[in-house]
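Please treat every number below as a calculation from the coordinates, not as lab data. Since this is a predicted model, take the numbers as computed values, not measurements. Note that we place each Cβ from the backbone using ideal geometry, even for glycine, and neighbour counts take in every protein chain shown.
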Amino acid sequence: MQEQILPAEGKLGILLPGLGAVASTMIAGVIATRKGLSKPIGSLTQTGHIELEEGSKDNYSLIKDYVPLAALEDVVFGGWDIYEDNIYQAATHARVLDQRLLDSIRPELEVIKPMRAVFDRDYVRNLDGKFIKNSATKWDAAQELIKDIETFKKANNVSRVVIVWTGSTEKYLEQSAVHETIAAFEAGLKSNDVNIAPSMVYAYAAVSQGIPFINGAPNLTTDIPAIVQLARKTKTAIGGKDFKTGQTLMKTIVAPGLAARSLGVSGWYSTNILGNRDGLVLDDEQNFKTKEVSKLGVLEDILRPDLHPDLYGDLYHKIRINYYPPHGDNKESWDNIDIFGWLNYPMQIKINFLCRDSILAAPIVLDLALFADLAQRAGMYGVQDWLSFYLKSPQTQNGEQAENDVFKQLNTLKQVLRTIKQQDTQELPALDLTKETEPAI
Ligand SMILES: NC(=O)c1ccc[n+]([C@@H]2O[C@H](COP(=O)([O-])OP(=O)(O)OC[C@H]3O[C@@H](n4cnc5c(N)ncnc54)[C@H](O)[C@@H]3O)[C@@H](O)[C@H]2O)c1
């Protein structure tokens with residue numbers, strides 16, 4: 001972390017690979033908020049408070065007044081998609097927001113048009129958009145993305161850019177040799193290695209230029225040594241993965257409570273139905289596997305069966321996602337939780353959450369973009385695990401076990417904001433918040 005934080009001067013470009021339901025809901029929400037038509041509910045950066053002194057009850061500040069975040073008025077949006085729809089069309093297609101609201105901001109939404117995507121159908125078999133780059137190699141594709149970013153910056157007079165991946169979930173991929181080092185990865189880009197996913201090409205393009213990149217899907221993307229090393233080399237903030245919404249949000253709220261009361265859990269069955277394009281993509285087994293792996297880890301991390309074998313040693317955890325078009329973006333989830341208490345007496349908890357996927361995800365995208373920009377201006381580079389509050393399967397700095405308890409995550413986030421504040425006002429000697437030493441991988 002550097003001595004003082006660079007001010008949020010000029011415009012901030014938020015670029016989103018994947019301009020679908022989540023992205024269009026976030027963009028429309030910010031524009032509606034700017035015009036005084038709506039309120040940014042669910043966004044910590046816009047409505048959340050922080051205690052000024054630890055433990056004090058009546059001494060609060062809005063987070064956006066506490067640390068130097070970019071103002072919503074200074075944000076400009078852009079992105080890429082495999083479909084040519086502008087944001088008005090994408091939001092209309094997504095059917096998340098009321099059409100009357102979209103119509104009232106139609107001109108502002110229509111001017112936001114996608115750039116041609118870097119896409120490989122092998123990674124998302126259920127989509128067949130044609131608005132894609134025709135690059136000879138993945139290396140060329142990365143160079144074209146870098147040019148896109150430059151063009152966007154000039155056209156919109158933008159001084160800084162952050163990228164948040166809001167694209168579809170890609171098929172399941174395990175880390176392999178091409179992901180191990182920057183050199184292997186660059187060689188793989190040039191030789192069109194099949195193990196380099198499109199999202200990784202975006203991540204490489206961004207991080208090579210010192211542009212923060214946060215991954216909102218469960219894909220590996222930034223969670224490979226090559227991108228982590230590149231982020232350290234170019235001093236760039238990165239993070240991921242998978243926005244924490246819906247069922248997993250509930251899980252990370254309820255599980256810490258059960259653990260706090262030393263109640264046992266023998267089974268947790270989670271199933272849900274959703275009918276949006278994300279659901280269609282996840283209807284493919286390979287893409288579902290990526291999501292399943294991301295969702296499964298949270299309970300073990302919170303309940304720690306290794307420390308509490310009597311309470312959680314036999315925990316059976318199962319997750320299903322089913323594509324059900326009539327529900328659209330309105331996901332419905334059911335959790336059956338088998339718990340046990342004093343003398344092993346069993347009890348059950350049932351949760352039926354009728355949520356709106358993109359309504360929960362939109363403020364997360366905004367907050368991640370604004371905090372990633374703050375981190376970059378504060379000189380904090382590498383994996384920003386203090387942002388794990390927003391993520392289902394948090395990437396950690398050196399592969400340590402992730403913290404999934406939402407309350408502990410919020411504490412960490414606020415502690416980092418306090419340190420940034422103290423640093424900015426020079427109340428403290430410089431602290432190294434990046435914790436980055438020599439690459440451990
Ligand atoms: N909504 C939630 O609650 C939630 C929670 C966690 C994670 N996510 C993840 O966020 C992502 C977006 O969700 P959504 O509901 O907006 O899905 P969506 O299908 O509506 O939007 C994704 C968009 O990405 C585009 N796309 C796919 N591959 C691309 C590529 N290589 N380059 C550019 N664009 C590409 C698709 O055409 C689509 O328009 C998904 O990966 C989803 O799993 C969503």
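Summary table below
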quantity	calculated
Full-stretch length increase - Ser38, Asp310 - with 0.36 nm per residue and alpha-carbon distance subtracted	93.0 nm
The chain, relative contact order [Cα under 8 Å, separation at least 6], %	20 percent
Label zone at Lys350 (point 7 Å along Cα-to-Cβ), backbone N below 13 Å, region 227-268	none
Cut-off under 5 Å, modelled amide H: who pairs with Trp165 long-range	Ile214, Asn215, Gly216
Coil-residue chymotrypsin sites (Phe, Trp or Tyr not before Pro) of region 292-376, DSSP, other Cβ within 10 Å capped at 12	none
Amide H contacts under 5 Å for Val75, placed H, 5+ residues apart	Leu12
Helical contribution to [θ] at 222 nm, DSSP H n ≥ 4, -39,500 (n - 2.57), averaged over the chain, rounded to 500	-12000 deg cm²/dmol
Highest-first arrangement of 267-274, 152-159, 198-205, where packing means the average Cβ count within 10 Å	198-205, 267-274, 152-159
Gain on full stretching of the segment that runs from Ala177 to Gln286 - 0.36 nm per residue minus C-alpha separation	37.2 nm
Diffusion constant of region 173-259 at 20 °C, which comes from Stokes-Einstein with the Kirkwood Cα-pair radius and 1.002 mPa s, µm²/s	154 µm²/s
Only Lys, Arg (+1) and Asp, Glu (-1) charged, at Cβ; region 247-354 dipole about Cα centre in debye	200 debye
Mean Cβ neighbour count within 10 Å, used as a protection proxy, ranking 167-175, 35-43, 406-414 highest first	167-175, 406-414, 35-43
Size of the chain as Cα extents on the principal axes (Å, biggest first)	67, 53, 51
Computed over region 247-354: relative contact order in percent, which uses C-alpha pairs under 8 Å that are six or more apart	40 percent
Amide H contacts of Gln395 (H built 1.01 Å from N, under 5 Å, at least 5 apart or other chain)	Gly240, Lys241
Region 247-354, Cα convex hull volume normalised per residue, Å³	89 Å³
Spatially proximal lysines relative to Lys251 (Cα-Cα < 16 Å; intrachain offsets below 8 disregarded)	Lys291, Lys295, Lys318, Lys331, Lys350, Lys392, Lys408
